[in-house]
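None of the figures in this text is laboratory data; all of them are computed from the coordinates on show. Since the model is a prediction, treat every value here as computed from it, not as a measurement. Cβ placement follows ideal geometry from the backbone for every residue including glycine, while neighbour counts extend to all protein chains displayed.
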Amino acid sequence: MIAYLERFVHGNDVESRQNDDDVVDCTSLCDALNLQGSIDSVATGLADKDFGGLRSIKPLALIRPAGTDDVARVVKAAARSSNLTVAARGNGHSINGQAMADRGLVLDMRSMEDVFDVVVVNGTAYVDVSGGALWEDVLKRCVSGFCLAPRSWTDYLSLTVGGTLSNAGVSGQAFRYGPQTSNVTELEVVTGKGEIFVCSETENSELFFGALGGLGQFGIITRARILLQPAPDMVRWIRVVYSEFEEFTRDAEFLVTQQDGDSFDYVEGFVFVNGDDPANGWPSVPLDSNHGFDPTRIPKTAGSVLYCLEVALHYRNTVHPSTVDMVVDGLLGRLGFVENLKFELDLSYMEFLLRVKRAEEHARAHGLWDAPHPWLNLFVSKSDIEEFDRAVFKNILKGGVGGPMLIYPLLRSMWDTRTSVVLPEGEIFYIVALLRSNLPYPKGPSPEKLVAQNHEVIQYCIKHGLDFKLYLPHYEIQEGWKRHFGNQWTRFEERKENFDPLYILAPGQKIFSRIH
Ligand code: FAD
């Protein structure tokens, strides 16, 4: 069987092979691997595409595993071959080909059997879901079936559980509950040796913490146990505007450092251009089309960019609206935003969590969703965030990025340092997300130009010694990765040796090269 697989891997480039008669015979490959699931011809597969749209790398085959045993069989087969790699593909929402495998085997994790079990352990509710489950499905099933919900989210939910747990999973709830990696208590993982382990803080803990934020390097997450809480019914969603960065950060930091119950349930923020550009400026702030942005309210001292603090309060249907008003007014009364530049909307909890789905529909309708997305995400230490604002937002990016430029504070103590994620120093650090959304070239700017601008931002940070880490990191060479992990590199390398000694898994991250 290995000889059969290897016929396809050795030899010349993939394009010419596929034009031969010698194309991958999916049925034979499936039989050879003894899979319950199926194998797709790579020509029609999704496996060479991702949301970034910046690269396209052809695999040998796209495999749709039926369950964990299939995943293990595929990894074992790759381990017995001389050079096959295996990439788990969540929903392909990476930017730089992280879920691709050059002439390797790509596993479409979304095809994994449906797992959905709500369990109660010592009075606390959890849900067991497949690593390939989409967060939006987890939300809908938990709320509609059990009035429960996970505590920590991403802004957009058409992402897989295994995909976000391999990074961190961050949104406006993370200041209180930590990232999604801090809200999972047990995983089932298939290692790079094809072994299946259940792991947790107390059982196979090195694999558990390694896999969380592990960029897919140590194992494929086939199941996760996620902490639940009672789901609120409604959300009041609020945006307020600042002209001064120091006031914006002071208020954001105040809110994220209050005790549970003394703050909002969600805190985020973004930078926008002080102008009328529809994508980058004032019109990007109101929460619905009935709201207008009155620029005469902006102080005369304001600069080229403004700041928006975005907060939300959860509440139950049974609570009287005047009580919600009172709590919100009490919290907003402690903040120093520009008077009368406030936008509010009440919506259901599900509508709130699915808000980016509506943005997706809009982007699809305008040809923006399928265009390239050279996004850049960073974590920047509080100690350097003012300099970052001055050099990056007010200078390099003063014209905007054609989409949201998120910035909000997070607390290091809510992150478990035993996971594989690396962070800047200090208790408070900011996530910065440049979520570029432009029409495809030549109607919009060329992706190369935008990638170069990202590079300029990163180079500024390096050259001026800013304390930062890339989030959803991407480096082309191992030197970049060593710098990224810093004093955690040795731990990362040791975990790789332990759990994936042949360097089979997640080759698209370009951290390690398959050992032949
Ligand atoms: P993929 O892109 O398919 O995979 C990502 C990496 O994880 C790959 O290396 C892959 O091999 C590996 N992998 C995938 N599944 C598994 C698995 N089961 N086990 C082990 N490894 C696996 N992130 C945030 O934190 N917060 C946000 O608010 C947020 N919003 C986003 C909005 C949009 C529109 C997009 C496109 C992305 C957003 N992200 C956000 C980033 C997102 O978390 C990453 O793209 C992440 O990789 C999840 O995407 P995915 O499930 O499609 O994984």
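Rank-order 237-248, 142-153, 304-315 by packing density, defined as the average count of other C-beta atoms within 10 Å over each peptide's residues, highest first. All intermediate terms of the calculation are to be shown ahead of the outcome.
Numbers: 237-248: 20.4, 142-153: 18.2, 304-315: 22.0.
Highest mean packing first, the order is 304-315, 237-248, 142-153.
Mind checking segment 36-115 for trypsin sites (Lys or Arg not before Pro) that DSSP puts in a loop (not H, G, I, E or B) and that have at most 16 other Cβ atoms within 10 Å?
Loop-located and lightly packed - ARG55.
Could you grab the relative contact order for segment 376-471? Cα pairs under 8 Å, six or more apart, rounded to a whole percent.
Relative contact order for segment 376-471 comes out at 46 percent.
What dipole magnitude, in Debye to the nearest 20, does the chain give about its Cα centre under +1 on Lys/Arg Cβ and -1 on Asp/Glu Cβ?
580 debye
How high is the FRET efficiency between MET326 and THR301 when r is their beta carbon distance and R₀ equals 30 Å, given to the nearest 0.05?
That pair, MET326 with THR301, gives E of 0.40.
So what's the angle, to the nearest 10 degrees on a 0 to 90 scale, between helix 245-256 and the longest Cα principal axis of the chain?
For 245-256 against the chain, the angle is about 70 degrees.
What does the C-alpha gyration tensor say about the overall shape of segment 358-499? Classify as rounded when a/c is under 1.5, otherwise prolate if a/b is larger than b/c, or oblate.
The shape class here is prolate.
Can you order the peptides 194-201, 404-411, 228-235, 324-331 by their average number of other Cβ atoms within 10 Å per residue, highest first?
Working: 194-201: 16.1, 404-411: 23.5, 228-235: 17.8, 324-331: 13.9.
Highest mean packing first, the order is 404-411, 228-235, 194-201, 324-331.
Helix 447-463 versus the longest principal axis of the chain: what angle, 0 to 90°, nearest 10, using Cα atoms?
Roughly 70 degrees, rounded to the nearest 10.
By how many nm would the segment from ASP114 to ALA452 lengthen if fully extended, with 0.36 nm per residue of separation less the alpha-carbon distance?
Gain on extension, ASP114 to ALA452, equals 117.5 nm.
Would you mind giving the three semi-axes, in whole Å and largest first, of the ellipsoid equivalent to segment 116-230 according to its Cα gyration tensor?
Values for segment 116-230, descending: 21, 15, 13 Å.
Could you check the spin-label model distance between GLU339 and LYS463? Points 7 Å from the Cα along Cα→Cβ, value in nm.
4.3 nm
What is the distance, in nm, between label points placed 7 Å from the Cα along the Cα-to-Cβ direction at ILE396 and at SER205?
Rounded to a tenth, the inter-label distance reads 3.9 nm.
Restricting to Cα atoms and excluding each atom paired with itself, what does the Kirkwood estimate give for segment 242-377 in Å?
The answer is 16.8 Å.
For the chain, count all C-alpha to C-alpha pairs, find those more than 39 Å apart, and express that count as a whole percent of the total.
25 percent
Stretch GLU246-GLN258 to full length: gain in nm at 0.36 nm per residue minus the Cα-Cα span?
2.5 nm
Please give me the summed charge of the neighbours of ILE298: other residues whose Cβ is under 13 Å from its Cβ, Lys and Arg +1, Asp and Glu -1.
Values: positive: ARG297, LYS300; negative: GLU244, ASP276, ASP294, GLU339.
Summing Lys/Arg as +1 and Asp/Glu as -1 gives -2.
Counting only DSSP beta bridges with both residues in the chain, what percent are antiparallel, rounded to the nearest 5? All intermediate terms of the calculation are to be shown ahead of the outcome.
Details: 73 of 81 bridges.
Here the antiparallel bridges make up roughly 90 percent for the chain.
With an 8 Å cut-off on Cα pairs and a minimum separation of 6 or more residues, tell me the relative contact order of segment 234-470 in percent.
RCO, segment 234-470: 26 percent.
With Cβ to Cβ distances under 13 Å as the rule, what net charge do the other residues near VAL86 carry (K, R +1; D, E -1)?
Overall, the nearby charge balance is +3.
Place a label point 7 angstrom from the Cα of ALA66 along the Cα-to-Cβ direction, then list the residues of segment 110-152 whose backbone nitrogen is under 13 Å away.
Inside the label zone: 112-114.
Do any GluC sites (Glu not before Pro) in segment 420-516 lie in a loop, going by DSSP, with at most 16 other beta-carbon atoms within 10 Å of their beta carbon, and if so which? Let's see the in-between values first.
Values: sites: GLU425, GLU427, GLU448, GLU456, GLU476, GLU479, GLU493, GLU494, GLU497; in loops: GLU425, GLU427, GLU476.
Here the GluC sites (Glu not before Pro) that fit, given the DSSP loop and packing criteria, are GLU425, GLU427, GLU476.
Which order do the peptides 389-401, 162-174, 204-216 come out in when sorted by mean C-beta neighbours inside 10 angstrom, highest first?
Going by the mean number of other Cβ atoms within 10 Å, highest first, we get 162-174, 204-216, 389-401.
At what distance in nm do the modelled label points of GLU497 and CYS147 sit from each other, each positioned 7 Å from its Cα along Cα→Cβ?
Once both label points are built, they end up 5.3 nm from each other.
With the Cα gyration tensor of segment 186-251 in hand, give its eigenvalues times 5 under a square root as the equivalent ellipsoid semi-axes, listed largest first in whole angstrom.
Calculated on Cα positions only, the semi-axes equal 39, 18, 10 Å.
Do you know the relative contact order of the chain, to the nearest whole percent, from alpha carbon pairs under 8 angstrom that are 6+ apart?
17 percent
So if I take the centroid of the Cα atoms in segment 359-406 and the same for segment 142-202, what is the distance between those two points in Å?
25 Å
Return the FRET efficiency for the residue pair ASP128, ASP102: r is the Cβ-Cβ distance, R0 is 56 Å, and the value is rounded to the nearest 0.05.
That pair, ASP128 with ASP102, gives E of 0.95.
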